[in-house]
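Okay, structure first, notes after.
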Amino acid sequence: MASSFPLSSATAHKEIYDQLRQVAETFPTAPSLIGLPCSRHPDGWCTFTNGVVSAMVIKKHLTAHATDVFLTTFPKSGTTWLKALLYSTLHRGADELAEHSPHQLVPFLESQVFVKDQIPDLSSLPAPRLLMTHIPSQSLPDSVATSGCKVVYLCRNPKDCFVSLWHFWNKFMTWDIDEAHRQFCDGVSQFGPFWEHVLGYWRWHVERPSQVLFLTYEELAADTLGQLRRLAEFVGCPFTVEEIKHGVDRKIVEACTMENLSRLEVNRSGTIDIVDSVVANNTFFRRGVVGDWRNHMTPEMARRIDEITESKLGAVGQSMSSINFAYNHHPDGWYTFPKGLASAMVIKSHLTARTTGVFIVTFPKSDTT
């Protein structure tokens, strides 16, 4: 069945929205994005003004439950994929994806649920409620932290994230890549700056790792099955030995690949409502390839983002700066993180095998331990 979110029966609360719109009018304006007005939220981020208002409504009127699972991402960080994987995991199958977009099954709180002056009653949704948002951590309802509910944050290489954002908005209007890059680096993007968005959830993960799972798109792409099992266990819905034996988890991974999702008729010709617009489902699908930024950005553009990333994320300490968002490509045709690539070349040159040696070789997450 489609999303059970009670959107059609949601009660309009125009007075509440109007009051918060008046409050938002007092906020500093931000440079427009794709020609639309933006506001700076007091918590330090910016987005389209209607998104700021919706975030304030959610802050005041959404109460998290201990059994909830919040999916959180910066825009264009693998959101569609994460929705499909986790929804299918909780429902133990991907059948509903054949008829409904992942954004119908798990709608965005700020652009599909709390919109058009509506404040829906979500208390009737069955547990666990799967809720999705781009809202930065510091602006979520207080109950998200205090309830102890699960939060899954998916982060992506900022260069790939930027290129995906640029491609997405160019489906609606022409957006010069140099101007888009300048705004992204200046922190002017939906729910940006990017780096502060990442840091907010990273710090929360460090403080409360049992509540907040911090996952990178690159990890998910490299070992989708292993990360799906990790996600399932984290949200309290681990795959049983019997389910693994019968390939339940593998079937979900296969059904949720970008290739398979993008070929479904609902995602080829269907639409969803985003705020006041009707958006084609196919606009949410592109390549999803790690490292695709190399095909679109100049070395200077990439260097600028790298410099900001090192400056913003490196200052937090080794734990955060050690996260490498991008893989390097070895001449022999395989990928891994830059440090791993360098180590492999050192081993190649300086380790001499003996006839009595025993090499244990595995692919990651293949029962190595």
Looking at region 34-86, which of its residues are basic (K, R), under 22 Å from E179 (Cα atoms) and in contact (Cβ under 8 Å) with a residue 60 or more places away in the chain?
-> K76
Criterion: within 15 Å of the chain's Cα centre (by Cα) and among the aliphatic types (A, V, I, L, M) - qualifying residue of I177, I135 = I135
Residues of region 60-104 being under 23 Å from S123 (Cα atoms), touching a Cys at 6+ places or on another chain (Cβ under 8 Å), of a type in the set (S, T, N, Q) and surrounded by 20 or more Cβ atoms within 10 Å (Cβ to Cβ), which ones?
-> S88, T89
Please find, within region 1-39, the residue that is modelled with the lowest pLDDT out of those that are within 23 Å of the chain's Cα centre (by Cα) and buried (at least 19 other Cβ atoms within 10 Å of the Cβ).
-> S3
Run F184 past the list (1) part of a loop (DSSP other than H, G, I, E, B); (2) crowded, with 19+ Cβ neighbours inside 10 Å and report the number of the one that doesn't hold.
-> (1)
Name the residues in region 139-158 that are touching a His at 6+ places or on another chain (Cβ under 9 Å), outside any strand (DSSP E or B) and either of a type in the set (S, T, N, Q) or within 18 Å of L220 (Cα to Cα) (or both), would you?
-> S139, S143, S147
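Results for (1) modelled with pLDDT of 95 or more; (2) more than 17 Å from the chain's Cα centre (by Cα), shown as yes or no for each residue.
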{"site": "Y217", "(1), (2)": "no, no"}
{"site": "L231", "(1), (2)": "yes, no"}
{"site": "F239", "(1), (2)": "yes, yes"}
{"site": "D249", "(1), (2)": "yes, yes"}
{"site": "C256", "(1), (2)": "yes, no"}
Among (1) at pLDDT 70 or above; (2) assigned to a loop (DSSP other than H, G, I, E, B); (3) surrounded by 10 or more Cβ atoms within 10 Å (Cβ to Cβ), the one test that S343 misses | (2)
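The values are calculated or read from the model by the stated rules, or taken from the named source; none is laboratory data. Worth saying up front: this structure is predicted, and the values here are computed from it rather than measured. Cβ coordinates were reconstructed from backbone atoms using ideal geometry, including for glycine residues, and neighbour counts include every protein chain displayed.
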